[in-house]
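K.L.:
I am attaching a structure below and will ask some questions about it afterwards.
The values are calculated or read from the model by the stated rules, or taken from the named source; none is laboratory data. All of these numbers come straight from a predicted model, not from anything done at the bench. Cβ coordinates were reconstructed from backbone atoms using ideal geometry, including for glycine residues, and neighbour counts include every protein chain displayed. Ligands, DNA and RNA are excluded from the accessible area calculation, which covers all protein heavy atoms including side chains. Shrake-Rupley method; radii C 1.70, N 1.55, O 1.52, S 1.80 Å.
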Amino acid sequence: MQLASLQNLSAYTLLKSPTKITDLVTYAKESGYDAVALTDINLVSGLVSFFQASKQAGIKPILGMQLRVRGIFSEELFDLILLAKTQQGYENLLKVSSRVKLVGAENVDVASLKAYFDDLAVITTANQHSELLAAIRSGNAEEYLAELAKLTKPCIGFYYGLDAETKRILIALSKKYQMPLIAVNDTKYLHPEDHFLQKVLAGIDKNEVIEDPIALSKEKGSHYLVSVEQMKAQFAKENLNYILDNTNKLAQMCQAEVVFKKPVLPKFKTPDNVDSYDFLRQLAHKGLVKRVGENQAKYEQQLTYELKVIHEMHFDDYFLIVWDVIKFCHQQKMQLGPGRGSACGSLVAYSLGITDVDPLEFNLLFERFLNPDRHEMPDIDLDIPDNRREEVVAYLFEQYGMDHAAQILTYSTFASKQVIRDTGRIFGISKNNVSDLTHLVPIKKTKVTLDEAYNEVAKFRKTVQLTPLNELWFKTAKALEGLPKHASVHAAGVVLSDQSIATISGLTKGSGTIPVTQETKKFVEKLGLLKIDLLGLRNLTILSQVLHEVHKSNPNFVINRVPLDDQKTLNLFKEAQTEGIFQFESDGIRRVLLELSPDSFDDLVATNALFRPGPMQNISHFIARKHGKEKVTYLDPVLEPILKDTYGILVYQEQVMKTAQLLAGFTLSEADILRRAISKKEDLAQYRDKFVQGVVKNGHSQATGEKVYAYIEQFADYGFNKSHAVAYTKLAFWLAYLRVNYPAAFYTAILNNNLGNNAKIAQYVEAAKAENIRFFPPAINQANSLFTVDYDGIRIGFSAIKGLRRDFISEMIAGRPFKSLEDFGQRISSKFLQEKVLESLVKAGTFDEFNQNRNALLANIRDFISVFKLANGDHNLLEMLGVASEGDAKTDFSNSELEQSVLGFGIAESPIAKIRKHFSQYDLKFFDELKIGDKALVACQLQKLKKIRTKKGQEMAFASFFDRSKIDSVIFPGIYDKVKQVLKEGDFYLVEIEVKSDNFGANKEQYVLQKLRKINLQKNNK
C-alpha cells in the first residue's frame, strides 16, 4: 500500500523545528513513503527548495501549509492543513500565506479566506491547535463542522495518538458529515530524540535556560515521523485501514508543481503609449548625441546594432525600467557611480545615463553583457548611495504597485560561533566558558564549521571532551548549525512583475510598507520575477557628501568631467597614499601600487583587476614588464593590439573574447560562449577543436592555435570583467581626485561615515594631519553632531566623543549659544549633568573657550555638578554658591592624552605624527593594522616597562607601546640586552615588531620586539 506523510514542519518555521528540508524528503523516502507534504506554519518559503529536493530524491512532493489563524468560534489561533491539489490551488495557497503574513495571523479569521479555498484540500487538525478538538470538548463539534463546510469541503485529520473517546467521536462525525478521515502525523521533527533539539530551539526563541539539559536529552518525543510500517500496523490493529486509503486518494489528487520560467518583464508605461522600442530608440539616440556629439559613425553603428539585439531579445521594457530608475535618482539629486558589472560594455546603457563609462573608449564588449546567442536575461545592477537606497525602493513600489514590486527575503542562519553562543546560553553555561570556546574557532576567509574547528584545533577538541555537558553542548550546536534563525530583507534585491507576486513567490511583511517575497534570491528569477539589484554603496554616500561641500565654493564642478590623466591624482596612487579610496585602501594593494608606480588610468584598471585571489600570480610579471625588467612577448603578433595595454598578459575576459575573434574567427557572441565554457570546464574538447581549426583557417599554424588556447584555458580561472574594473576604478579615481583637491571635505565625509569604528577614525585623522589639515575641538558653541569643514580644517563633531547620547547632543546644539560654563550648567537638563558625561566634554576641549585649563575643570567636576543641582536654576543662589576656579588646577594629563581617552586621537599634531612625517621614507605601520605573520616598523611611545628574569636568570621585559592603540610586547633576553640602556617610560621610539601566534591560542597575537631606535623629538624637529 502506498502512503503519504501530510503534515510536516521544517526549520523554515523558525525556531519551531530542527528539520532540514533535504533531511525530511530523504528520511520520508527511507521510511517507505511515496509522497510527502511540507506544511510550515503560515508560510511557503521552503516550498520551492522542498519541491526540488523531493524530485531529486524520487519522492512525490505535496505543496502545503499549516494555516494558523483565528477560528470560527474563537479569537484564539487554530490550525488547518492546506494542500494544493492543482496549479490554481497552489496559487491560492500562496495567496492565503501572503494575506496572513502581510496583515498578521491575529488579524485574519478562517471565514475571511473563503475565496482562496478552491482547489485546496482543507484538513481539520486534531492537535493542540485544533478548533475541532476544542469544539468536541465544549460540545460544539457538529456546529463547528457545519460552519466549516460552508467555507470549503473539509477532511478530518486523524491522529492515531488520540485517546479512544476522541477517536470514536471523530469517526462518528466523519460518517455523519461525509468528511473523510485522513491520517496525519503532526511531525515536528524526524526522530524521537530530536524532541530535545526542538526544546533547545524553543529555549533560544524565548531566551529560557533549560534546567537539566542532560536529563532532557534522554527523553523521547512523540511528534516524530513514524515509518510506513508503523503506520500500517497502528491502523490495521483497529481495522482502520480505510483511513490510509483515504490518505492515499487525497495524496494522488494533489498534483500541483512549482513551475520555473524565464522572468516576465513588466510593461513600461511610455508617454502616449508609444511603442517601447521606438521610445527606447529615441531616448538612446538623443542621449548619444549628448554624450559624444553628432556624426560619430562608429558610435551610431554600435548603438543601432545594440538596439536591434535588445529588441529581438524582447528587453526593450527592461532597459526603459532601469532608465526610469536612473532618471528618478538624478531628479532627486542622488550621486550615482559610473556603473558596475558588464552593463558598462553597453553603449545603449551609456547613452541612457545608466552607466558613465564610454565602452568604445575602453574597448569594452556589448556581448560580454548581452549575448544574442545565449538568450539570457541581462543583469543591470545599480549602485545607490547607501543612505538613500530606501527612496529608490519606495519609488519602484509607488510606480508598480502593492502586488507588483517587492523586496527579497533572506535568512540568517546559525553559524558556528553564533550557535555555540545560543546553545551555551540555553544550557546555562557561563559567559566566560562560552567565550573561551568561540575564540577557539579558527578564523578563515571562508566560513568555518564546528566539525572543522573540532578536527583542526586540539584545544577546542579537549574543551568539548572535558565534561558530558560540554559534549552534549557541542553535539546540539552541530545539529542546529546552518538552520535558518532569522528572516530579514536582502540588502540589494528588488523584484518586479506584471503578474501578482503573491501568486508567484508569496509575500510577507517587511520592516516598512513595502512587502517582501517569501522566496529568497536563489529562486525569485527562476520563478519568473524580474530582479534588479539596487546596491547601497557607502562610497557613493561619501562622494555625495564631499561634492555637497565642494559645490558650496565651486557650484559648477562636475565630477564626471574630471580628467582621468590628472597627474596629481595619479601621483596619489603612485605613492600609495590611498587611505579612504574605494578598492585601493588595503595594505596589499598599496604595496602593489608602490611597486608598480602606475602612470595611467589603464594601469589602475589593471591593478584593480589583478588584485584578486586568482590573478594575483601575474602581478609580479605585470610589474616587471612595465618597468622593462621582463620582456613583453606575445604568443602571436595578432595579439599585440589586444594585449599591449597589459604588457602581453591576459588580464580581462574581454581580451579572451577579442583573441578568439581576431585569431580564430569567432563572432563575439561565440567568443563569449567560449569564455564561459572554459571557465565552467564544460565541453572543453569541443571548443578546443573549434578554436584551433579557426586559427588554422585564418592562416596560422596549428601549434599557435594550441598554444594560445592552452594559455586562454589557464587564464580562464582568474580572468576579470574589464567593464566592472573600469567602472569601479573610475569611482576610485573620482574619490582620489577629491582627496587631492578638496582634502578637508574628503576627510570630513570619510570620518562621518566611519563613526563608531575607532581604529578607522584614528587612522584617517592621522592621514589628514599628514596632509597638513588642522583639527579643531568640538567647541560647545561651534561644533555640530558630525565632523564639519571649518575653513580649511575640520571641526570635530560631538558624535566623535565617546559615550554621548544623541538626545544630549541635540539639546546642546538647540540651546546655543552658551555664554559660560555656568550658563551651560544652568540651562542643560539635570539628567545630563553626570560626572562621566561632563568629564568627556572637558577632555575633548568642548569648554576650552570658557576655561583653557582642562585639568582644572576635571578636578572640580563633582563640585560643579553639586552646585548646579543645588541651585536648581536659581541664578542668585548660583552666584552665591560659586563654581571652582582655575586656581584649583592640576596638570596630571596633557590635552593630547585627555583627547585620546575620549576621542581615540589627539587634536593637535601628536609627537607620533611628527615622527611618522619625519621618517616618511619608511613604510611605517600602525599597530592596529598588523596581523599574525607581519613584521613592520612602528612609531610609538613606551608607556610601561616591566622587567623580569627567566628561569636561567636572564633579563627580559614586557613593554606597553602606544601609537593610536596600545599593544603589549615581549622583549626577549637577546634583544633586551641590546636596548635596555635606552628604554624609558614616556619616551618615543621607532620599533620593529613581529606578530606571531600566541602559544595559548592560534588566533591570539604575540607582539615581539625585534629592533628599537630612540627618537629625540627636539633634535628631529630642528
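K.L.:
Kindly give the semi-axes, whole Å and largest first, of the ellipsoid equivalent to the range 378-437, taking each as the square root of 5 times a Cα gyration tensor eigenvalue.
P.N.:
On the way: eigenvalues 349, 38, 26 Å².
The three semi-axes for the range 378-437 are 42, 14, 11 Å.
K.L.:
Cα-Cα over 32 Å: which of K261/K286; K722/K935; K447/K531; K85/K681; K531/K707? Walk me through the numbers before you get to the answer.
P.N.:
Details: K261/K286 35 Å; K722/K935 34 Å; K447/K531 27 Å; K85/K681 42 Å; K531/K707 41 Å.
With Cα atoms farther than 32 Å apart: K261/K286; K722/K935; K85/K681; K531/K707.
K.L.:
Using the crude model of +1 on Lys and Arg Cβ and -1 on Asp and Glu Cβ, and no other charge, please compute the dipole size for the range 432-542 relative to its Cα centre, in debye to 20.
P.N.:
Values: 15 positive and 10 negative charges, 43 e Å.
Using Cβ point charges on Lys, Arg, Asp and Glu, the range 432-542 gives about 200 debye.
K.L.:
If you add up the charges near E835, with Lys and Arg at +1 and Asp and Glu at -1, over every other residue whose beta carbon is less than 14 angstrom from its beta carbon, what do you get?
P.N.:
Details: positive: K831, K836, K843, R862, K869; negative: E839, D863.
Cβ neighbours under 14 Å give a net charge of +3.
K.L.:
Still on this structure: Short version: what are the Cα gyration tensor semi-axes of the range 623-780, square root of 5 times each eigenvalue, largest first, in whole Å? Walk me through the numbers on the way to the answer.
P.N.:
Working: eigenvalues 462, 59, 30 Å².
Over the Cα atoms of the range 623-780, the ellipsoid semi-axes are 48, 17, 12 Å.
K.L.:
List the residues, sorted by chain then number, that are 5 or more residues from D383 or on another chain and whose placed amide H is less than 5 Å from its amide H.
P.N.:
G337, L535
K.L.:
So for each of 303-312, 802-811 I average, over its residues, the number of other beta carbons within 10 Å; can you give me the resulting order with the highest mean first? Kindly include the intermediate steps, with their values, before the conclusion.
P.N.:
On the way: 303-312: 17.6, 802-811: 14.3.
Ranked from most to least packed, the peptides come out as 303-312, 802-811.
K.L.:
Along each of its three principal axes, how wide is the spread of alpha-carbon positions in the range 911-1022, in whole angstrom units, largest first?
P.N.:
Sorted largest first, the three principal extents are 45, 31, 19 Å.
K.L.:
Right, another one. Report the calculated FRET efficiency for H439 and K947 (r = Cβ-Cβ distance, R0 = 41 Å), to the nearest 0.05.
P.N.:
Values: r = 30 Å, r/R0 = 0.73.
After rounding to 0.05, the efficiency reads 0.85.
K.L.:
On a 1.4 Å probe surface of the protein chains, which of F868, F962 comes out largest in accessible area, and what is the full order?
P.N.:
Details: F868 10, F962 35 Å².
Listed by decreasing accessible area, they come as F962, F868.
K.L.:
Continuing with this model, one more query. Using the C-alpha atoms of the range 486-559, what convex hull volume per residue, in cubic angstrom, is computed? Provide the component values of the computation, followed by the final result.
P.N.:
Values: hull volume 11.2 nm³, N = 74.
Convex hull volume per residue, Cα atoms: 152 Å³.
K.L.:
Using DSSP to call loops (not H, G, I, E or B), can you name the GluC sites (Glu not before Pro) in the range 70-112 whose Cβ has at most 16 other Cβ atoms within 10 angstrom?
P.N.:
Working: sites: E75, E76, E91, E106; in loops: E75, E76.
Here the GluC sites (Glu not before Pro) that fit, given the DSSP loop and packing criteria, are E75, E76.
K.L.:
Farthest toward the dipole's positive end in the range 162-266, which of L250, L190, F235, given Cβ charges of +1 (Lys, Arg) and -1 (Asp, Glu) about the Cα centre?
P.N.:
L250
K.L.:
So what is the accessible area of the range 142-185 per residue, in Å², with the probe set to 1.4 Å?
P.N.:
Details: 2090 Å² over 44 residues.
With the other protein chains kept in place, the range 142-185 gives 48 Å² per residue.
K.L.:
A follow-up question, please. Would you grab the residues whose amide H sits under 5 Å from the one on I72? Only those 5+ places off in sequence or on another chain, please, with H modelled 1.01 Å from N.
P.N.:
none
K.L.:
Just the Kirkwood number for the range 702-813, please: inverse of mean 1/r across all distinct Cα pairs, in Å, one decimal.
P.N.:
Details: mean 1/r = 0.0579 Å⁻¹.
Final number for the Kirkwood radius of the range 702-813 is 17.3 Å.
K.L.:
Using a 1.4 Å probe on the protein chains only, how many percent of the accessible area of the chain belongs to carbon and sulfur? It would help to have the intermediate numbers written out before the result.
P.N.:
Details: 22130 of 46160 Å².
Roughly 48 percent of what the probe reaches on the chain is carbon or sulfur.
K.L.:
Next up: In the range 419-567, if every C-alpha pair distance is counted and binned at 10 Å from zero, what percent goes to each bin?
P.N.:
Histogramming the range 419-567 at 10 Å steps yields 8, 23, 15, 22, 20, 9, 2, 0 percent.
K.L.:
Output the relative contact order of the chain, whole-number percent, from Cα pairs under 8 angstrom with separation of 6+ residues. Could you put the intermediate results ahead of the total?
P.N.:
Working: 1765 pairs, mean separation 79.3, N = 1022.
Across the chain, relative contact order equals 8 percent.
K.L.:
Hey, can you grab everything whose amide H is under 5 Å from the amide H of I794? Only 5+ residues off in sequence or another chain; H modelled, so Pro and N-termini drop out.
P.N.:
Placed amide hydrogens put R774, F775, F776 under 5 Å from I794.
K.L.:
Further question: When the label point is put 7 Å from the Cα of K459 along its Cα-to-beta-carbon vector, which residues of the range 925-950 have a backbone N closer than 16 Å?
P.N.:
Residues passing the 16 Å test: 932.
K.L.:
Counting pairwise Cα distances across the range 45-152, what percent come out greater than 25 angstrom?
P.N.:
Numbers: 1338 of 5778 pairs.
Percent of Cα pairs beyond 25 Å in the range 45-152: 23.
K.L.:
Grab the Cα-Cα distance for E595 and K232, subtract it from 0.36 nm times how many residues apart they are, and report the gain in nm with one decimal. Write down the numbers at each step before the final one.
P.N.:
Details: separation 363, 0.36 × 363 = 130.68 nm, distance 7.54 nm.
Answer, rounded to one decimal: 123.1 nm.
K.L.:
In whole angstrom, how far apart do the alpha carbon centroids of the range 477-547 and the range 243-260 sit?
P.N.:
Measuring centre to centre over Cα atoms gives 32 Å.
K.L.:
At 1.4 Å probe size, with every protein chain present, just tell me what the per residue accessible area of the range 565-619 comes to in Å². Write down the numbers at each step before the final one.
P.N.:
Values: 2100 Å² over 55 residues.
Each residue of the range 565-619 exposes 38 Å² on average to a 1.4 Å probe.
K.L.:
Would you mind checking the radius of gyration and Dmax of the range 277-401 based on alpha-carbon positions, in Å?
P.N.:
14.3, 42
K.L.:
A further question follows. Quick one: Karplus J couplings for the range 532-542, per residue in order, coefficients 6.51, -1.76, 1.60, θ = phi - 60°, nearest Hz, x for Gly and Pro?
P.N.:
Ordered by residue, 3J(HN,Hα) equals 10, 8, 9, 9, x, 10, 5, 5, 6, 4, 4 Hz.
K.L.:
Could you work out the helix-only [θ] at 222 nm for the chain, with each DSSP H run of four or more residues adding -39,500 (n - 2.57) and the total divided by the number of residues, to the nearest 500 deg cm²/dmol?
P.N.:
Values: 45 runs with 463 residues, N = 1022.
Calculated at 222 nm, the ellipticity per residue is -13500 deg cm²/dmol.
K.L.:
For the range 899-976, what is the per residue volume of the convex hull drawn over the alpha-carbon atoms, in cubic angstrom? Walk me through the numbers before you get to the answer.
P.N.:
Working: hull volume 9.2 nm³, N = 78.
It is 118 Å³ per residue.
K.L.:
Scan the range 556-647 for trypsin sites (Lys or Arg not before Pro) in coil per DSSP, keeping those whose Cβ has at most 16 other Cβ atoms within 10 Å, and list them by number.
P.N.:
On the way: sites: R561, K568, K574, R590, R591, R625, K626, K629, K631, K644; in loops: K629, K631.
Within the range 556-647, the qualifying trypsin sites (Lys or Arg not before Pro) (loop, at most 16 other Cβ atoms within 10 Å) are K629, K631.
K.L.:
For a quick protection proxy, order the peptides 111-124, 914-927 by their average other-Cβ count within 10 Å, most packed first.
P.N.:
So the order, starting with the most tightly packed, is 111-124, 914-927.
K.L.:
Please report, in whole Å³, the volume per residue of the convex hull around the C-alpha atoms of the range 128-236.
P.N.:
Numbers: hull volume 15.9 nm³, N = 109.
It is 146 Å³ per residue.
K.L.:
Given charges of +1 on the Cβ of Lys and Arg and -1 on the Cβ of Asp and Glu, with all other atoms neutral, how large is the dipole of the chain about its Cα centre, in debye to the nearest 20? Each step should come with its number before you reach the end.
P.N.:
Details: 128 positive and 124 negative charges, 485 e Å.
Once rounded to the nearest 20, the dipole reads 2320 debye.
K.L.:
Give, in whole angstrom and from largest to smallest, the semi-axes √(5λ) of the equivalent ellipsoid of the range 775-877, with λ running over the eigenvalues of the Cα gyration tensor.
P.N.:
Numbers: eigenvalues 105, 40, 32 Å².
Equivalent ellipsoid semi-axes, largest first: 23, 14, 13 Å.
K.L.:
Would you please give the FRET efficiency between E955 and T446, computed as 1/(1 + (r/R0)^6) with r the Cβ-Cβ distance and R0 = 41 Å, to the nearest 0.05? Present the calculation step by step, with values, prior to reporting the outcome.
P.N.:
Details: r = 44 Å, r/R0 = 1.08.
Efficiency, rounded to the nearest 0.05: 0.40.
K.L.:
Let me ask something additional. Which whole-number value in Å² is the accessible area per residue of the range 364-450, probe 1.4 Å? Write down the numbers at each step before the final one.
P.N.:
On the way: 3910 Å² over 87 residues.
So the range 364-450 comes to 45 Å² accessible per residue, rounded to a whole number.
K.L.:
With an 8 Å cut-off on Cα pairs and a minimum separation of 6 or more residues, tell me the relative contact order of the range 418-522 in percent.
P.N.:
Numbers: 74 pairs, mean separation 20.0, N = 105.
Computed over the range 418-522, the figure is 19 percent.
K.L.:
Here is a follow-up. Given a cut-off of 25 Å, what percent of all Cα-Cα pairs of the range 497-638 lie beyond it?
P.N.:
Details: 5516 of 10011 pairs.
When every Cα pair of the range 497-638 is considered, 55 percent fall beyond 25 Å.
K.L.:
Quick one: compute a quarter of the convex hull surface over the Cα atoms of the range 344-475 and quote it in nm². Walk me through the numbers on the way to the answer.
P.N.:
Working: hull surface 58.6 nm².
Orientation-averaged projected area of the Cα hull: 14.7 nm².
K.L.:
Just the Cα atoms of the range 719-781: what Rg and Dmax do they give in Å?
P.N.:
Rg, Dmax (Cα atoms, Å): 15.0, 55.
K.L.:
Which of the lysines could be linked to K29 by a straight reach, that is with a Cα gap under 19 Å, when you skip same-chain ones fewer than 8 residues away?
P.N.:
List returned: K20, K55, K60, K188, K232, K249.
K.L.:
Taking the Cα centre of each part, how many Å lie between the range 269-298 and the range 598-617?
P.N.:
That distance is 35 Å.
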